[in-house]
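Scroll down for the structure; my scribbles are underneath it.
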Amino acid sequence: GGCGAWLARRSRTKYPSLLRFLHAKWDEAVTIAHKPQWRLVGVAGERLPMKAKMIHRCIHVLDLEKSLAFYKRAFGLDVVREISRAEGSRKIVYIGNDTTDFELELVWESGRTEAYDNGSNDTHLAFAVDDVDAARLLHDEMDCVCHELGRDGIYFIEDPDGCCLEIVPSNLWD
């Protein structure tokens, strides 16, 4: 038992900095990586699933101020931080709110006049809302509703750059 039951052995694979630990009693191997970018390998050499946290979704915008106003009004998203080139040719603005630490990244390029291809309607970002009826009234008032599923209150709106955004009642998601 205890830590002494594990025997460390250098791997004889193409990854010499991996250590293989063999449990003396059960003869199970566990590989530990010394480099943080390598995945850990579990008991008997099986790969453990990589876990990653989603942090943002990027949308390219033609009119940054119009997009910021849209997302503020439609979802209560505020500027979290921004990055600008010194000469002002590009600005990246991250927006979010206190319901999640996931952010929307708005990228604006100076001089761009043609619309971006931010994906089809199948490529979308979804927002869960507590009061879908109030959200729907607001989005109808904003004239941005583009598709209704006709069930459970789920519908889609379109931002100023044509990005499709799904609205889902929170009780269906939580």
Within region 120-137, count every residue that is touching a helix residue (DSSP H, G or I) at 6+ places or on another chain (Cβ under 9 Å) and either modelled with pLDDT of 95 or more or not acidic (Asp, Glu) (or both). 6
Among the residues of region 142-160, write down those that are closer than 20 Å to residue 97 by Cβ and among the charged types (D, E, K, R). 159
Report the residue count in region 57-82 for those that are open to solvent by 40 Å² or more (accessible area, probe 1.4 Å) and under 23 Å from residue 170 (Cβ atoms). 5
If the requirement is being touching a Pro at 6+ places or on another chain (Cβ under 9 Å) and among the aliphatic types (A, V, I, L, M), which of these qualifies: 125, 68, 62, 106? 62
How many residues are touching a Lys or Arg at 6+ places or on another chain (Cβ under 6 Å) and at pLDDT 95 or above when one looks only at region 65-103? 1
Every pair of residues 6+ apart whose Cβ atoms lie under 9 Å, when the first sits in region 111-131 and is more than 11 Å from residue 170 (Cα to Cα) and assigned to a loop (DSSP other than H, G, I, E, B) while the second is modelled with pLDDT of 85 or more and open to solvent by 70 Å² or more (accessible area, probe 1.4 Å): 121/147; 121/158
Considering only residues that are loosely packed, with under 13 Cβ neighbours inside 10 Å, outside any loop (DSSP other than H, G, I, E, B) and of a type in the set (Asp, Glu), which ones fall in region 83-110? 101
Condition first: modelled with pLDDT under 95 and either in a loop (DSSP other than H, G, I, E, B) or out of contact with any strand residue (DSSP E or B) (no Cβ under 7 Å at 6 or more places or on another chain) (or both). Now tell me which residues in region 138-158 satisfy that. 149, 150, 151, 152, 153, 154
Expected output for region 148-174 (first residue within 15 Å of residue 134 (Cα to Cα) and open to solvent by 80 Å² or more (accessible area, probe 1.4 Å), partner outside any strand (DSSP E or B) and modelled with pLDDT under 95, Cβ below 7 Å, 6+ apart or cross-chain) is 152/172
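The values are calculated or read from the model by the stated rules, or taken from the named source; none is laboratory data. Predicted model only: the values in this text are computed from it and were never measured. Glycine also receives a Cβ, built like all others from the backbone with ideal geometry; neighbour counts cover every protein chain displayed. Surface areas here come from the heavy atoms of the whole protein model, side chains and all, with no ligands, DNA or RNA. Shrake-Rupley method; radii C 1.70, N 1.55, O 1.52, S 1.80 Å.
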